[in-house]
1. Using beta carbons and a limit of 9 Å, which pairs, at least six apart or on different chains, have the first residue in segment 48-64 and without any contact (Cβ under 8 Å) to a residue 40 or more places away in the chain and within 14 Å of PHE139 (Cβ to Cβ) and the second one β-branched (Val, Ile, Thr) and not in a loop (DSSP other than H, G, I, E, B)?
2. Just the residues that are closer than 17 Å to PRO140 by Cα and surrounded by fewer than 16 Cβ atoms within 10 Å (Cβ to Cβ), please, taken from segment 34-44.
3. Restricting attention to segment 19-78, and to residues there that are among the hydroxyl-bearing types (Ser, Thr, Tyr) and in a loop (DSSP other than H, G, I, E, B), which single residue is modelled with the lowest pLDDT?
Amino acid sequence: KTIQDYFQDHDYLSLDDPRYAPILEAAAALGWPVMAHPPGIAEVAPRYPSINFISAHSTWNFWRYAQHPNVYFDVATSTALRRQVDLERLLATVGEDRILYSSDAQLMSPAWTLGKLASVDLGEAAYDKLFTKNLYRAFPRLRGAGA
């Protein structure tokens with residue numbers, strides 16, 4: 001995972017910054033997915049169609065790059081702001097096949113994100129996709145590990 005926007009006040013980077021090109025080229029050559037914060041995903045996803053990008057904390061601002069089929073959306077929510085946790089709109093926009101469960105368990109209880117998911121009441125088949133099946137599509141190398 002890259003948190004390229006972490007240093008906003010110093011050396012703000014977007015995933016499309018040329019300094020990320022060697023990493024993205026290596027990931028493409030090795031067949032590795034790239035998890036990143038949203039800035040720059042809209043620009044690099046079409047340039048690297050063989051990379052599965054996982055957009056971290058993508059319960060908001062996802063519509064800018066939802067059209068790219070190689071982008072998956074992680075639902076880790078680290079905020080209580082309703083405008084930044086729009087799971088219903090995310091589901092309506094990208095569908096349940098490109099959404100992955102994740103949490104910020106190191107920072108806060110995973111119950112936060114699980115509660116947000118439970119409030120949508122997707123049904124067992126959709127939850128199975130979010131918790132397992134989509135993971136194997138986003139991370140193809142895991143398929144041999146039990147899928």
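1. So the pair list comes out as ILE51/VAL34; ILE51/VAL44; PHE53/VAL34; PHE53/ILE41; PHE53/VAL44; PHE53/VAL71.
2. Hits for segment 34-44: nothing passes.
3. SER78
The values are calculated or read from the model by the stated rules, or taken from the named source; none is laboratory data. Predicted, not measured: the structure shown is a model, and the values here were computed from it. Quick reminder, even Gly has a Cβ in these numbers, built from the backbone with ideal geometry, and neighbours come from all protein chains shown.
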